[in-house]
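Report on the following structure.
Values in this text are rule-based calculations from the coordinates and carry no lab data. Computed from a predicted structure; not experimentally measured. When we count neighbours, we look across all protein chains shown, and the Cβ atoms used for this are built from the backbone with ideal geometry, even at glycine.
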Amino acid sequence: MSTLNRAVPPGTRRSGDGGSSAVLALAAMCVVILCATGALGVASALGAAHQARSAADLAALAGAGALQASAPLDACAAARDLAHRNDAQLVSCRVERGQEVIVETSSTVPLRLPGLSPEAMVGRARAGPHRP
């Protein structure tokens, strides 16, 4: 007699899907963890991009202010100092036409997803008189 034809006592289950809910719960938890990690990585990159752009804006303004008061070398020194105080690195600084300060800053991404997100985000800004 085969096992399929045997009588099953009342109140007992004879099912082949025992434990499948635990596997599904584990899979769901893995998906949630992966989504949360991805969201944190994106938020971290966006925060670093905002920080780099803000530091570039402020550094360019500080450089333009210093340029009005002194020499072009002092403008880049002021821009470097302000970028550093805003937790960013000044990548480049140049004075054009004797009136414009153009800067580029970089900010490190704190929570980096290897292979998916950049190591640093870049911000660029210009400060000077209005161009016609």
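Structure notes:
- Search result, residues across segment 85-116 that are touching a His at 6+ places or on another chain (Cβ under 9 Å) and without any contact (Cβ under 8 Å) to a residue 12 or more places away in the chain: none
- Whichever residue in segment 53-102 is of a type in the set (A, V, I, L, M, F, W, C) and surrounded by fewer than 17 Cβ atoms within 10 Å (Cβ to Cβ) and, among such residues, is nearest to GLY123 (Cα to Cα): VAL91
- Screening LEU61, LEU111, LEU90, LEU116 for residues that are in a helix (DSSP H, G or I) and not charged (D, E, K, R) leaves exactly one candidate, LEU61.
- Qualifying residue in segment 41-49 (condition: touching a Cys at 6+ places or on another chain (Cβ under 9 Å) and part of a helix (DSSP H, G or I)): no
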